[in-house]
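A.B. asks: Please find one structure pasted underneath; my questions will follow.
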Amino acid sequence: MQLPIVYHPNYTVPLPSTHRFPMVKFRMLHDRLLKDGIANPSQFHQPDRAPQHWIESVHDPDYVNAYCNGTLDDKAFRRIGLPWSTELVDRTCIAVGGTILTAKLALQQGLACNTAGGTHHAFPSYGSGFCIFNDLAIAARILQRENLAQKILILDLDVHQGDATAFIFQDDPSVFTFSMHCEVNFPGTKQKSDLDVPLPIGLEDDAYLQTLDRYLPDLLSQVKPDLVLYDAGVDPHQGDRLGKLSLTDSGLFRRDMQVITACLKARYPIACVIGGGYCEDFDALVYRHSLLHRAASEAYEQFQL
């Protein structure tokens with residue numbers, strides 16, 4: 001058995017060359033994992049496009065229809081921050097399908113990684129911050145509806161608070177939301193997760209990892225999740241232009257190993273998505289994202305899953 005990795009060629013679609021969202025990173029990540037021998041072609045699983053009724057398990061049908069048809073108003077499109085196209089609609093729905101597939105593979109094999117995902121700023125009736133539909137929330141709902149998991153922990157270590165995910169599950173005890181994020185960063189208005197850990201600007205590797213260790217073991221033993229959905233955003237990196245924290249490549253790798261091994265030791269299946277990361281040096285950014293898959297591959301062998 002090999003670590004399952006989820007990827008679709010349509011994870012990357014055309015954007016204007018001047019756009020600041022690094023859309024090309026998804027294809028580059030797939031290629032880097034193969035080039036560096038972290039994965040081989042047989043490990044990759046290709047998701048289907050999520051049907052609309054899956055997306056509507058979390059999002060308002062009027063919003064889903066308006067986005068898919070390109071009829072949102074200009075203000076709503078500006079809040080999302082991505083130019084509409086039929087290719088982007090397809091990509092968005094495929095990415096949701098990718099996180100759901102990753103979650104199902106994790107339940108089967110203990111651990112699985114997506115090469116996209118983590119759109120935690122998408123609220124039920126609007127998108128925000130490059131997030132259109134909330135793949136983490138939709139995956140949680142679909143797994144529950146299909147009786148594959150009931151208690152789910154969403155572990156969000158992106159540098160930005162998982163505000164929409166927190167909002168969606170604020171009155172739902174079956175999904176526990178944990179967000180450890182930079183306190184002075186987007187979004188300006190924070191929501192209330194089940195557990196929020198705001199971090200000071202400039203926090204470095206050791207202090208970050210010690211803070212995570214203060215919460216993670218108790219969190220797992222108290223929640224006892226059927227599945228962990230892990231948002232492994234790399235925007236806490238010191239070189240991220242939207243981050244404001246100061247983790248190194250080593251710190252990100254150690255963080256991912258810490259999370260994955262804690263879950264596997266306690267026998268909690270974990271599905272990983274790559275979350276946010278913003279850097280003009282695409283090679284450096286893609287390497288940072290690949291640290292998740294490097295850590296997962298090492299843990300997968302260590303635990304002989």
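FYI, it's all coordinate maths here, none of it is from the lab. This one's a predicted model, so the numbers in the text were calculated from it and none came from an experiment. Cβ: placed from backbone, ideal geometry, glycine included. Neighbour counts: every protein chain shown.
A.B. asks: Which residue, 205, 235, 218, tops the fluctuation ranking in a GNM of the chain built on C-alpha contacts under 10 Å?
C.D. replies: Checking each option, the largest mean-square fluctuation is seen for 218.
A.B. asks: Here is a further query. Where the centroid of each part is defined by its Cα atoms, how far is segment 54-74 from segment 191-264 in Å?
C.D. replies: 32
A.B. asks: Amide H of residue 21 versus every other amide H placed in the peptide plane: which residues, excluding those fewer than 5 positions away on the same chain, fall under 5 Å?
C.D. replies: none
A.B. asks: Sticking with this one: Just want the answer: with Cβ charges of +1 for Lys and Arg and -1 for Asp and Glu, which residue in 9, 250, 117 is farthest toward the dipole's positive end in the chain?
C.D. replies: Selected residue: 9.
A.B. asks: Something else about it: Identify, among 81, 174, 164, the residue whose Cα sits farthest towards the positive end of the charge dipole of the chain, taking +1 on the Cβ of Lys and Arg and -1 on the Cβ of Asp and Glu, with the dipole about the Cα centre.
C.D. replies: Farthest towards the positive pole: 174.
A.B. asks: Of the DSSP beta bridges with both residues in segment 5-302, give the percent that are antiparallel, rounding to the nearest 5.
C.D. replies: Percentage antiparallel, nearest 5: 5.
A.B. asks: Hey, another quick one. Provide the packing ranking of 146-159, 111-124, i.e. peptides ordered by the mean count of other C-beta atoms within 10 Å per residue, highest first.
C.D. replies: 111-124, 146-159
A.B. asks: Charges at C-beta only: +1 for Lys and Arg, -1 for Asp and Glu. How large is the resulting dipole of the chain about its Cα centre, in Debye rounded to 20?
C.D. replies: 300
A.B. asks: Taking only Cα atoms of the chain, what ratio of Rg to Rh do you get with Rh as the Kirkwood inverse-distance radius?
C.D. replies: 0.92
A.B. asks: Straight-line reach from residue 224: which lysines have Cα under 22 Å away, leaving out those fewer than 8 places along the same chain?
C.D. replies: Residue 224 reaches 104, 151, 192, 265.
A.B. asks: Please sort 236-244, 53-61 by packing, taking for each peptide the average over its residues of neighbouring beta carbons within 10 angstrom, highest first.
C.D. replies: 236-244, 53-61
A.B. asks: Then there is this: Quick one: Karplus J couplings for segment 221-238, per residue in order, coefficients 6.51, -1.76, 1.60, θ = phi - 60°, nearest Hz, x for Gly and Pro?
C.D. replies: Calculated HN-Hα couplings, in order: 6, 7, 6, 6, x, 6, 7, 10, 9, 10, 8, 9, x, 9, 6, x, 5, 4 Hz.
A.B. asks: Taking the alpha-carbon distance from residue 25 and a cut-off under 16 Å, which aspartates and glutamates remain once sequence neighbours fewer than 8 residues away in the same chain are dropped?
C.D. replies: Output for residue 25: 36, 235, 240, 280, 281, 283.
A.B. asks: Here is a further query. When the distances between all Cα atoms of segment 28-182 are binned every 10 Å from zero, what whole-number percent does each bin get?
C.D. replies: Taking every Cα pair in segment 28-182, the percentages come to 11, 39, 36, 14, 1.
A.B. asks: Go through segment 250-305 and name the trypsin sites (Lys or Arg not before Pro) that are in a DSSP coil and have 16 or fewer other Cβ atoms within 10 Å of their Cβ.
C.D. replies: Qualifying residues, ordered by number: 267.
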